[in-house]
Amino acid sequence: MQCITEQSGCLLRPTCVTIGKFDGFHAGHRKLLSVLLEHKTEEMDSCVVSIRTGFLATGQQIYTEEEQRFLCENMGIDYLAEYDLRNGMRDMEPEQFIADYIIKQLHALVIVIGEDFHFGKGRSGDVALLQRLQEKYHYTTVVVPAVSSGGEKISSTRIRKLLQEGDIETANRLLKRQYMVLGEIVHGKQLGAKLGFPTINVVPPEKKALPAYGVYATKVKVGGFWYYGVSNVGVRPTVESVSAASVETNLIHCNEDLYGKEAQIYFLKFLRPERKFDSLTALKEQIEKDRKMVEELYKTEALY
């Protein structure tokens, strides 16, 4: 997959394009991408246009830009166009955006769009406008209905709320995949190793929307190998007082040195809230209970 920006040159081959924020990469987004890939041919590449607003508050991105690139590439997308509204695009008239970027730069022959998508200055562009411009710019508009669950539209806002509540299983259902944290394994304070439970540590960026602080059953991919583990999301109140949250994972049946490698941590089930223990001994006893619970869940296939 190749990443481009609004400053990149024009693509040489025609494309089928879809446009959105894609910060949630949820079931609705994945439906758009599935339809997009259905229109890909040997002569026409697939292109996702991800709109970057630049104004997301702390903890607002379900998937960061790096994670979006990872997910798009794994779905087989050919191009990811990352357009930043701060570069003057926010005040661009909708037709100019279509003409200058979607047609001129991306050579779009097919535009796959959600039924409620708006774009351009004042969000004045919509499906009706795209359909009116089809003949002028020689493309086809494919409109994809919104995806709902439980009678309610699936949205990034809804999923962020579920994450904040620790309802990881419902969030996973709306994401149509397991919620993931992607990041480099960094050195911690080695306390887990001293307690007999070595851990890997990943520190997500502040803008990443993390699930409620607590302990989760997870599965982890590092260096092409899968492990299952117990992941703590939070600030580790028993051993230190920090403001930046991290994801600390004890990989069961793994004693390898994994520092510097990239980890994909997939969240499967909420086990308990994060809390401060009276002693390291009490913490160690609880970790042992958490590990046994996760091992039992895997044995009974409750996590599959």
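The values are calculated or read from the model by the stated rules, or taken from the named source; none is laboratory data. Because the structure is a prediction, the values reported are computed rather than measured. Note that each Cβ is placed from the backbone with ideal geometry, even for glycine, and that neighbours are counted across all protein chains shown.
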(message) Suppose we keep only residues that are of a type in the set (Val, Ile, Thr) and not in a helix (DSSP H, G or I) within the range 168-190. Which one would you say is modelled with the highest pLDDT?
(response) Val181
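Answer with yes or no whether Ile77 is under 23 Å from Leu182 (Cα atoms), at pLDDT below 95, among the hydrophobic types (A, V, I, L, M, F, W, C) and buried (at least 18 other Cβ atoms within 10 Å of the Cβ).
no
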(message) Consider the range 15-48. How many of its residues are in contact (Cβ under 8 Å) with a residue 60 or more places away in the chain, more than 16 Å from Gln2 (Cα to Cα) and outside any helix (DSSP H, G or I)?
(response) 7
(request) Any chance you could count how many residues in the range 119-145 are surrounded by 13 or more Cβ atoms within 10 Å (Cβ to Cβ) and either touching a Gly at 6+ places or on another chain (Cβ under 6 Å) or among the small types (Gly, Ala, Ser) (or both)? (result) 4
(message) Looking at the range 85-96 only, could you name the residues that are surrounded by 16 or more Cβ atoms within 10 Å (Cβ to Cβ) and either among the acidic types (Asp, Glu) or modelled with pLDDT of 95 or more (or both)?
(response) Glu95
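Name the residue, out of Ile77, Ile62, Ile111, that is aliphatic (A, V, I, L, M), more than 24 Å from Val142 (Cβ to Cβ) and touching a residue at least 12 places away in the same chain (Cβ under 8 Å).
One residue alone meets the criteria, Ile62.
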(message) I want to confirm something. Restricting to the range 1-44 and keeping residues that are acidic (Asp, Glu) and under 27 Å from Leu175 (Cα atoms), which single residue is modelled with the highest pLDDT?
(response) Glu38
